[in-house]
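The values are calculated or read from the model by the stated rules, or taken from the named source; none is laboratory data. In this text the structure is predicted, and so the values were computed from the model without any measurement. Using ideal geometry, Cβ is built from the backbone for each residue, glycine included, and neighbour counts are taken over all protein chains shown. In case anyone asks, the SASA skips ligands and DNA or RNA and just uses the protein heavy atoms, side chains included. Shrake-Rupley method; radii C 1.70, N 1.55, O 1.52, S 1.80 Å.
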2 protein chains.
Amino acid sequence: MIPANDPGFRAALDGLELVDHPVQLRQRSRDFYWYSPILKRALDGKAADLIVVPASIDEVVRVAGTCARFEVPLVVRGGATGNYGQMVPLQGGVLLDMARLDRTLWIEGDRGRFEAGVRMGDADRLAQDKGWELRMFPSTRRQATVGGFVCGGAAGVGSIRYGQLRDAGSVAALKVVTCEPTPRLVELRGPDIGKALHAYGTTSIVVEVELALAPTYPWVEMVAAFDDFAVAAHFAQALGESDGIFLKLDSLMAWPLPSYFRGLEGALPDGRHVVMIMAAKGNVASVHDLVRERGGTVTLERAYPVEAGVTPLYEYTWNHTTLQALKIDKTVTYLQTIFPLGANIEALIASHERFGDEVMAHAEFQRRFGRTNCSSLQVVRYTSDERLWQIVRELETLGITLSNPHSYVLEDKGARVLAADLQLAFKREADPMGLLNPGKMSRWTAA
Amino acid sequence: MIPANDPGFRAALDGLELVDHPVQLRQRSRDFYWYSPILKRALDGKAADLIVVPASIDEVVRVAGTCARFEVPLVVRGGATGNYGQMVPLQGGVLLDMARLDRTLWIEGDRGRFEAGVRMGDADRLAQDKGWELRMFPSTRRQATVGGFVCGGAAGVGSIRYGQLRDAGSVAALKVVTCEPTPRLVELRGPDIGKALHAYGTTSIVVEVELALAPTYPWVEMVAAFDDFAVAAHFAQALGESDGIFLKLDSLMAWPLPSYFRGLEGALPDGRHVVMIMAAKGNVASVHDLVRERGGTVTLERAYPVEAGVTPLYEYTWNHTTLQALKIDKTVTYLQTIFPLGANIEALIASHERFGDEVMAHAEFQRRFGRTNCSSLQVVRYTSDERLWQIVRELETLGITLSNPHSYVLEDKGARVLAADLQLAFKREADPMGLLNPGKMSRWTAA
């Protein structure tokens, strides 16, 4: 590899938008990895040597080809809202900022095709103008890009009905650019989508994304509060299993998590566990019935989207839950875990009883393999790495497995073996020199 | 009770549309109970003494009050497409034909409100004009009425995504008329809907139905064929569990069932087991991928609605499957069974292996309690009642339980105890003399 400030390399990129101011390089090479004290130690100070901001796919091809010819590492940046350092360059090189690839190519029926740099929130609003909306979005939708979500995300607001991003039918197609002296444009469809989906940009450069859309509903945000955690957990599961109730969000937070939240005054009674809900307007009465039947209280009900200046409910959920806690208490961190199919509520209650406030229970209910399950982004009172791994081992005895948020390595995220094999094989074709986001795919590094 | 041809009774109904021609009485007192040789013996010859065709809710109130004052039995008729004699009058009296209560009251957002006599197909088309459609409909949608479906139905085409009619959120409200000397109009909402839902009109007279609607999708009909039954069954389950694929129909038919079907030439290869599918257009490619992955072949793909004169795919599914077989072979009958949660495919394969062609496997995949499950309307080569009950007992050893289609008794349909208690209590209030559809609710008869 040669440094990105090599004059020949710079000359080959002549005419492209380049950024090399040290402050810019440092600021734009970071994501939200600082949720994790472990990643903070590992990644602080890592930065690209040069940022390139392509304005077209042709320019992406030019950058990829130049990097391949000069053997310069290449890392792609979307909205940089990831939490695991997915886009942090470990070996310097070029950071390819996709911000200007922000054209919505078309929205027709239940499909939309976007350039990778389109913001999720913008994609959602454009689809809504045509009676559709994104099936799922991350809680960071204002900043996150479509390309970043498919490369670094897995699920989100909407997954309670539409499942995971990796489920067949969620992503209709990806157009990618290979990293070779003469880059190729490849359209991935069907099972081939797995070659680039959730690969952190290690196998190719995603430049266009075709997503399945959902019909728009008028949504209502609701909060239900419960005295007892087990009752709240069973309610959240029962709500998610209610096939007749159309939902977009079903998030459970154990007390004292709600004590960290600002902007929901009156909706979060002291000492009570809450479920945050987005339900189709026509099903709100059924949600009230279920809350009443389960002994809870509805403490908030308001139309979505919320008024300007009001924080939407989803910004307290998914990865935002930890962010809200970190705003108040810089010493907390989090875990990210997957629950056993068919026994998730028992495991959730057992973990709450075992750890109490040290591991504040937070569960995002979602469809997994056709079932209502949850995953968790528990907020943890951090004391030491040793204690954190001790908690992880104890959770494992309850059937709760880690999707490690304290690692930037792709395979530590619960990626399935089949997907990892597919991605490794594709990387051999599409990035034969291993220049794309080096250090993130451990199978490549090991091979 | 007095006979319906009592002059005083007739005089009290003066001005209403009355029908008392014997041929009319006999023809309009029947549903599709003749699928069952057992019900045929029990119900042939049963008929009302008088048909009243009200043109308004006021007229329904008048009929109900008159029947209560004269103690004349009163049975409500929708489209008469039921299969269990739900609307066959066991004790004569008045048959209240709801055909003229056919006004669509409103369709707004994801709700529609209909008079009980509106045909399901008409309700669906009217909703589609506004971008919505029925969440589920029976395969008899052309004739079936909205009131008949909520009183005698349980699920249907659409249940693979929207679950059961009894799930909270499916039915938003029912307006009912009580059977008392001075009838009351009662609006049922929330859990109270269970007082009249799937009660065969034994507890009150449903005159208006408010239904949750689903967003319209462009739908595509598909047939996938498989050499091996177990492979086909696992495919159908996997398809139903694919959260990213929007479905409306997922129906499995073992060979030789397809040999009875006319009008699908070319799509039903000899000796092969088929899955009939309605999928959102945007997800068709994902269905192809899954069929290919599972070793099947797509033998039909066409847009829905189909052209005039072509039988839609759903008319080979649900209760129509047996009808198609009966058109070719008058000696077959059927069972209706519920499969064990979480073990339905194992039970389905075991029953197919045990009975072979004697019990032709037919499974309708649907959401039940938040899971992808199936129920079955197996087509049976009937030899004797004794053999039929022997089959039922053997199915029970596989965990497959009967929802008895050879009985007109409400409680034999797998009605849950809680619903039955609620309905009995409501009948005491709303039909204190037990005039509504007498003989159908065994708890009332026994009390």
State the number of residues belonging to the range B:393-424 that are small (G, A, S) and without any contact (Cβ under 8 Å) to a residue 24 or more places away in the chain.
1
Per-region count, the range B:227-253, residues surrounded by fewer than 24 Cβ atoms within 10 Å (Cβ to Cβ) and farther than 28 Å from B:E133 by Cα:
6
Among the candidates A:I328, A:I338, residue that is over 16 Å from the mean Cα position of the chain (by Cα) and either outside the structural domain of A:M136 (by TED's automatic domain parsing) or of a type in the set (V, I, T) (or both):
A:I328
So which of A:R119, A:R113, A:R77 is in the same structural domain as A:A173 (by TED's automatic domain parsing), under 25 Å from A:L323 (Cα atoms) and modelled with pLDDT of 95 or more?
A:R119
State all residues of the range A:211-262 that are of a type in the set (D, E, K, R) and touching a residue at least 12 places away in the same chain (Cβ under 8 Å); if no residue qualifies, say none.
A:E221, A:D227, A:D228, A:E241, A:K248, A:D250, A:R262
Subset of the range A:108-123 [among the charged types (D, E, K, R) and out of contact with any Ser or Thr (no Cβ under 7 Å at 6 or more places or on another chain)]
A:E108, A:D110, A:R111, A:R113, A:E115, A:D122
Strands (runs of 3 or more DSSP E) lying entirely in the range B:236-342 (those with 1 or more residues that are β-branched (V, I, T))
B:273-280, B:297-304, B:332-334
When the residues of the range A:272-300 are filtered to those that are hydrophobic (A, V, I, L, M, F, W, C) and at the interface with chain B (Cβ under 8 Å from one of its Cβ atoms), which remaining residue is least open to solvent (accessible area, probe 1.4 Å)?
A:A280
Test: A:R135 is buried (at least 23 other Cβ atoms within 10 Å of the Cβ), within 10 Å of chain B (Cβ to nearest Cβ), touching a Gly at 6+ places or on another chain (Cβ under 9 Å) and among the basic types (K, R)
yes
Only one residue in B:A68, B:A47 is in a loop (DSSP other than H, G, I, E, B) and either open to solvent by 20 Å² or more (accessible area, probe 1.4 Å) or closer than 17 Å to B:D6 by Cα (or both). Which one?
B:A47
Report yes if some residue within the range A:198-207 is in contact (Cβ under 8 Å) with a residue 12 or more places away in the chain, within 12 Å of chain B (Cβ to nearest Cβ) and touching a strand residue (DSSP E or B) at 6+ places or on another chain (Cβ under 7 Å); otherwise report no.
no
Check B:R113, B:R100, B:R69 and return the single one that is within 14 Å of chain A (Cβ to nearest Cβ), within 29 Å of B:M441 (Cα to Cα) and either out of contact with any Phe, Trp or Tyr (no Cβ under 6 Å at 6 or more places or on another chain) or in contact (Cβ under 8 Å) with a residue 12 or more places away in the chain (or both).
B:R113
If you go through the range A:1-43 one residue at a time, how many are within 19 Å of A:Y408 (Cβ to Cβ), open to solvent by less than 70 Å² (accessible area, probe 1.4 Å) and either assigned by TED's automatic domain parsing to the domain that holds A:G148 or not polar (S, T, N, Q) (or both)?
11
Of everything in the range A:348-391 that's among the β-branched types (V, I, T) and over 28 Å from B:R368 (Cα atoms), which residue is surrounded by the fewest Cβ atoms within 10 Å (Cβ to Cβ)?
A:T383
Of all residues in the range A:92-131, how many are among the aliphatic types (A, V, I, L, M), in a helix (DSSP H, G or I) and open to solvent by less than 10 Å² (accessible area, probe 1.4 Å)?
4
Kindly establish whether A:V75 is on the phi < 0 side of the Ramachandran plot, in contact with a helix residue (DSSP H, G or I) (Cβ under 9 Å, 6 or more places away or on another chain) and among the aliphatic types (A, V, I, L, M).
no
Unmet criterion (only one of (1) within 14 Å of chain A (Cβ to nearest Cβ); (2) outside any loop (DSSP other than H, G, I, E, B); (3) more than 24 Å from B:R28 (Cβ to Cβ)) for B:V150:
(3)
Which number in (1) open to solvent by less than 20 Å² (accessible area, probe 1.4 Å); (2) within 22 Å of B:A254 (Cβ to Cβ) marks the one condition that B:T311 misses?
(1)
Output the residue which, of all residues in the range A:207-222 that are open to solvent by 10 Å² or more (accessible area, probe 1.4 Å) and modelled with pLDDT of 95 or more, is nearest to A:A12 (Cα to Cα).
A:E208
With criteria (1) in contact with a Leu (Cβ under 6 Å, 6 or more places away or on another chain); (2) buried (at least 24 other Cβ atoms within 10 Å of the Cβ); (3) within 30 Å of A:T322 (Cα to Cα); (4) among the small types (G, A, S), A:G147 comes up short on (1)
Filter the range B:392-447 down to the residues that are part of a helix (DSSP H, G or I), of a type in the set (S, T, Y) and either over 21 Å from B:H352 (Cα atoms) or open to solvent by less than 40 Å² (accessible area, probe 1.4 Å) (or both) and list them by number.
B:S442, B:T445
For A:R161: the one exception among (1) of a type in the set (K, R); (2) within 12 Å of chain B (Cβ to nearest Cβ); (3) open to solvent by 40 Å² or more (accessible area, probe 1.4 Å):
(3)
If you check A:V186 against the conditions, is it open to solvent by 10 Å² or more (accessible area, probe 1.4 Å), within 14 Å of another protein chain (Cβ to nearest Cβ) and in a strand (DSSP E or B)?
no
Can we say A:R367 is touching a helix residue (DSSP H, G or I) at 6+ places or on another chain (Cβ under 9 Å), within 14 Å of chain B (Cβ to nearest Cβ) and not in a loop (DSSP other than H, G, I, E, B)?
yes
So for the range A:408-426 (the condition being more than 20 Å from the chain's Cα centre (by Cα), closer than 16 Å to A:T202 by Cβ and of a type in the set (S, T, Y)), does at least one residue qualify?
no
Among the residues of the range B:164-183, how many are more than 14 Å from chain A (Cβ to nearest Cβ) and either in a helix (DSSP H, G or I) or open to solvent by 20 Å² or more (accessible area, probe 1.4 Å) (or both)?
5
Collect the residues in the range A:339-364 that are within 14 Å of chain B (Cβ to nearest Cβ) and of a type outside the set (A, V, I, L, M, F, W, C), keeping them in residue-number order.
A:P340, A:G342, A:N344
